[in-house]
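To start, the structure itself, in structure tokens.
The values are calculated or read from the model by the stated rules, or taken from the named source; none is laboratory data. Keep in mind it's a predicted model, so treat the numbers as computed, not measured. FYI the Cβ positions are ideal-geometry reconstructions off the backbone, even for glycines, and counts take in every protein chain you see.
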Amino acid sequence: MSTLPQVEQSLAAIAELDGDIHAITQVFDQSSADPGALPGELSGVPVLVKDNIATTRGTTSCNSGMLENYESPFDATVVERLREAGAVVIGKANMDEFAMGSSTEHGLRTTNHPTHHHCVPGGSSGGSAAAVGAGMVPLALGSDTGGSIRQPAAFCGCVGLKPTYGRVSRFGLVAFASSLDQIGPLASSVEIASQCLNAIAGPDSKDMTSVRRDPENFARYLSEDTSSLRVGLVTSCLTDDNDERINLAVRNAAKRFERMGATIVEIELPSLHYAISSYYIIAAAEASSNLARFDGVRYGTRPSLEGGESLEDLYERARTEGFGEEVRRRIMLGTYVLSAGYYDAYYTKALRARRKIRNEFDGAFCAHELHTMLLPTTPTPAFERGSIQDPLNMYLQDIYTVPANLAGLPAISVPWIDKETERGGLPVGVQLMSPMFAEARMLQAASVLEKD
Amino acid sequence: MSHDELALDDVKRVARLARLRLTDEQARRYRVELGAVLKHVEELDQMDLDGVEPMHSPIDAPVSMQELADDQPRPSLTGNDLERIAPEMDGPYLRVPKVISGGGASA
């Protein structure tokens, strides 16, 4: 046990609840390494870390047979920074294998929804979201390549923040798609998410994509007047294909903004329709390249070879036996779109579509002088485990989250709670998306949504 | 984009490029599943992308804005670290099957 009250509380909650949820893959022994409360904004706060973020304690498995016993020789930069801010990393959270999935059903272990155990928690940061949603921890880290923080946060009823691309160092994050990946918090409140961003943001010499900016306090607008906020309501995302609770939540959220004195501007973003196609080509292409390093030579598990088997056999068997179904599928897709004869038709075209989507965002923010945009996080609340078997159908679940990754924008999902959407008891999230590096204003707007 | 259906031979060729082995059953399933995804992404043909530059990264800022490491040697992983990570080592070397003249399990 620990001497820190919040840590002790979390450990007790995990012992009580996680047997039915399976959000957590490892709890670190707190008795041996408990330094007492270090000073800092997150002093004594227990944190779980998604299992694709490197920790020297325990394993960093990515929920994959490939890295089942992988012990990282270093801590990720975000882990060091959490510790410097006084947080206590108490363990690792489950995920879809190599962060590929929207349900935490892929890989060695699955995770259940925190309150509706027959449903999925979303993914890929499903363990982080379920643990925060269940109240086991106030804060967890996830990674978001196409919605993997925001979608599970929406499903599990917690706050999920994807910072601007380049805001947070990815050193120690097992790479999935390097032009899209970003680490961020899943938290029980917008305030804790802001404090976590204060701790983990900033340049890092170990990640050349981390951007040098002046340090700022992301919580600085949280208690400020919101009447000058200008919010774009993306009406083209409120289609009949969505569950009606989702559209209702977004419309009610817009009304709340208006009641708080903010200005709502209805906008349409026609290119968003194409975001899924652009995203799945780019993400799969980058994944096929990033995951080429898992060859059975330098990392992970190696099959025992028969006499006469070659190096080529070793590569193929290690990868075929180590990777799960969905990871193999995406590597196949990525290899195909990058292969000779298809590169321009798929990959280059997807990159052009990406620019067009980004330009459309920039244009809308600028033309209407918007601080943020309001749209759904997901088309539906949490779905039942095993209910989506078709890969393409699963990919389409990410329709509202992938645009922020393609464009590099910060985005946040906030639980929406009102009597009209409460029916059935499943949480619903609404999403805000803001211009590059405008997290502070976005968090201010997000705090409006969590007020009753 | 090719509007032809994905052929089984294409699936097998891509699996070889990706260093994955597929059973016939898996190859047939991937043909259907990947075929459906490739069909869906053909919708990009409806976009007007003339003159739009490909966007490789969200950060277009000049390199000077970014954090580049000094070009100085610094400590890296130790032999002990490698031993913990790698599946098979021989002294300071990673051990792999014989590469030259094919065949032979271990060098």
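Quick one: would you say residue A:201 is out of contact with any helix residue (DSSP H, G or I) (no Cβ under 7 Å at 6 or more places or on another chain) and more than 9 Å from chain B (Cβ to nearest Cβ)? Against the criterion (out of contact with any helix residue (DSSP H, G or I) (no Cβ under 7 Å at 6 or more places or on another chain) and more than 9 Å from chain B (Cβ to nearest Cβ)), residue A:201 qualifies. Identify, from the list A:58, A:107, A:19, A:40, the residue that is over 18 Å from residue A:141 (Cα atoms), more than 16 Å from the chain's Cα centre (by Cα) and surrounded by fewer than 24 Cβ atoms within 10 Å (Cβ to Cβ). Answer to the selection: A:19. For the structure I just gave you, tell me whether residue A:47 is closer than 18 Å to residue A:174 by Cβ, of a type in the set (A, V, I, L, M) and touching a residue at least 40 places away in the same chain (Cβ under 8 Å). Criteria not met by residue A:47.
Take residue A:316 and tell me if it is over 19 Å from residue A:146 (Cα atoms), more than 8 Å from every other protein chain (Cβ to nearest Cβ) and charged (D, E, K, R). So residue A:316 fails the test.
Taking the criterion of being of a type outside the set (D, E, K, R), without any contact (Cβ under 8 Å) to a residue 12 or more places away in the chain and either more than 10 Å from every other protein chain (Cβ to nearest Cβ) or at positive phi (or both), would at least one residue in the stretch A:351-366 satisfy it? Checked against the condition, which is being of a type outside the set (D, E, K, R), without any contact (Cβ under 8 Å) to a residue 12 or more places away in the chain and either more than 10 Å from every other protein chain (Cβ to nearest Cβ) or at positive phi (or both), the stretch A:351-366 yields at least one hit.
Give me the residue from the stretch B:1-43 that is assigned to a loop (DSSP other than H, G, I, E, B) and hydroxyl-bearing (Ser, Thr, Tyr) and, out of that set, nearest to the other protein chains (Cβ to nearest Cβ). Checking each candidate, the answer is B:2.
The single condition from (1) more than 14 Å from chain B (Cβ to nearest Cβ); (2) touching a Leu at 6+ places or on another chain (Cβ under 6 Å); (3) surrounded by 24 or more Cβ atoms within 10 Å (Cβ to Cβ) that residue A:145 fails is (1). Of the strands (runs of 3 or more DSSP E) lying entirely inside the stretch A:66-181, those containing at least 3 residues that are over 18 Å from residue A:198 (Cβ atoms) are A:88-93. Taking the stretch A:420-442 as the range and being under 16 Å from residue A:254 (Cα atoms) and either more than 14 Å from every other protein chain (Cβ to nearest Cβ) or at pLDDT below 95 (or both) as the test, the residues that pass are A:420, A:421, A:428, A:429, A:430, A:431, A:432, A:442. Among the residues of the stretch A:192-229, those that are part of a helix (DSSP H, G or I) and over 24 Å from residue A:264 (Cβ atoms) comprise A:192, A:195, A:196, A:197, A:198, A:199, A:200. Just one of the numbered conditions (1) part of a helix (DSSP H, G or I); (2) in contact with a Lys or Arg (Cβ under 7 Å, 6 or more places away or on another chain); (3) surrounded by fewer than 20 Cβ atoms within 10 Å (Cβ to Cβ) is not true of residue A:303: (1). Got a sec? Which of A:321, A:309, A:384 is more than 30 Å from residue A:438 (Cα to Cα), surrounded by fewer than 17 Cβ atoms within 10 Å (Cβ to Cβ) and either at the interface with chain B (Cβ under 10 Å from one of its Cβ atoms) or touching a helix residue (DSSP H, G or I) at 6+ places or on another chain (Cβ under 6 Å) (or both)? It is A:321. Residue under question is residue A:286, and the condition is that it be within 7 Å of chain B (Cβ to nearest Cβ) and in a helix (DSSP H, G or I); does it hold? In short, no. Quick check on my filter: what residues within the stretch A:328-341 are more than 7 Å from chain B (Cβ to nearest Cβ) and under 24 Å from residue A:403 (Cβ atoms)? Of everything in the stretch A:328-341, those that are more than 7 Å from chain B (Cβ to nearest Cβ) and under 24 Å from residue A:403 (Cβ atoms) turn out to be A:330, A:334, A:337, A:338.
Could you tell me whether any residue of the stretch A:249-263 is crowded, with 17+ Cβ neighbours inside 10 Å, touching a helix residue (DSSP H, G or I) at 6+ places or on another chain (Cβ under 8 Å) and within 14 Å of another protein chain (Cβ to nearest Cβ)? The answer is no, given that none of the residues of the stretch A:249-263 is crowded, with 17+ Cβ neighbours inside 10 Å, touching a helix residue (DSSP H, G or I) at 6+ places or on another chain (Cβ under 8 Å) and within 14 Å of another protein chain (Cβ to nearest Cβ).
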